[in-house]
Amino acid sequence: MADDGGVRLQKVLARAGVASRRNAELLIEEGRVEVDGRVVTEFGVRVDPESAVIRVDGERIPPVSANVYLVLNKPRGVVSTMSDPQGRPCITDYVQDRPERLFHIGRLDTDTEGLLLLTNHGEFAHRLAHPSYEVSKTYVAEVDGNVKPGVLRTLLDGVELDDGPARADTVKIVSTVPGRTLVEMSLHEGRNRIVRRMFDAVGHPVKRLTRTAIGPVRRGNLHTGELRDLNQKELGQLLDLVDL
């Protein structure tokens with residue numbers, strides 16, 4: 001809770017787009033709003049909109065902030081850097097019209113497509129990329145050969161790589177045609193080319209790889225090369241995952 005210099009809670013909720021100010025008062029009256037872990041039922045409560053942890057029906061409402069949080073569906077062939085001395089296509093080509101100084105969180109191989117997060121919030125980026133927070137990432141890989149159930153078990157149990165063991169959190173076959181299998185795999189590892197190296201280790205080299213999810217952020221109908229803001233629910237869940 002903030003002192004008298006804070007902002008009224010219902011105003012913060014309205015500003016966040018949760019509800020009109022009148023409907024925000026109803027949410028508070030019904031005991032559906034928490035601030036810093038405490039249910040609030042009084043209308044006069046003031047909060048610091050930048051630091052208060054506010055939840056409505058248990059769902060985190062991101063704080064008012066000047067930071068931006070974006071997701072890019074990176075095309076294959078684009079380098080996961082903000083500039084490239086060789087003149088290859090890079091991430092800046094997709095955000096050059098934005099006024100913020102953005103940086104990407106983690107990276108994708110040049111020949112891997114799919115989701116990348118970008119932000120100007122340094123601590124958020126640092127925590128999200130740090131392995132201790134174990135934010136899961138989901139990939140769909142087209143691999144050589146017909147993958148057998150025993151291979152899936154091996155990936156779940158763990159394979160030995162040159163920089164240590166690695167294992168999938170979940171793995172399933174999406175589809176199979178003669179000589180090719182489409183496999184979905186989730187893991188929280190972030191080591192270089194980890195998915196490709198894991199499939200190499202079980203004898204099924206990757207032909208094409210796409211990252212389809214980062215934690216709660218899903219690709220959905222975001223087309224290749226498109227950029228969008230994280231929605232309120234996605235951002236709230238990510239802030240919870242990294243304890244911000």
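Bear in mind these aren't lab numbers, they're just calculated from the coordinates by the rules spelled out. As the structure is a prediction and not an experimental result, all values here were calculated from the model. All Cβ positions, glycine included, derive from the backbone under ideal geometry; neighbour counts span all protein chains shown.
Every helix of 4 or more DSSP H residues in the chain counts as -39500 (n - 2.57), and over all residues that averages to -6000 deg cm²/dmol at 222 nm.
In the set (1) 20.0, 65; (2) 22.0, 78; (3) 21.3, 69, which value of Rg and Dmax of the Cα atoms in Å was calculated from the structure you see? The listed entry that was calculated here is (3). DSSP beta bridges fully contained in the chain are about 90 percent antiparallel. Assuming a strict under-27 Å limit between Cα atoms, what lysine pair count do you get for the chain once near-sequence pairs (fewer than 8 apart, same chain) are dropped? Lysine pair count for the chain: 13. Taking amide H atoms as placed 1.01 Å from N in the peptide plane, the amide H of L161 lies under 5 Å from those of A166, each 5 or more residues away in sequence or on another chain. Shown here for the range 1-89: GluC sites (Glu not before Pro) in loop regions (DSSP other than H, G, I, E, B) with at most 14 other Cβ atoms within 10 Å, namely E30, E42, E50. Phi angles across the range 91-107 convert, under the Karplus curve 6.51 cos²θ - 1.76 cosθ + 1.60 with θ = phi - 60°, into 3J(HN,Hα) values of 4, 4, 4, 9, 10, 5, 8, 8, x, 6, 8, 9, 9, 8, 9, x, 7 Hz, Gly and Pro given as x.
A cut-off of 5 Å between modelled amide H atoms, ignoring neighbours fewer than 5 places along the same chain, links T81 with I91.
Highest-first packing order for the peptide set 18-24, 95-101 is 18-24, 95-101, based on the mean count of other beta carbon atoms within 10 Å. Within the listed set P63, P85, P216, the Gaussian network model of the chain (springs between alpha-carbon atoms below 10 Å) gives the highest mean-square fluctuation for P85.
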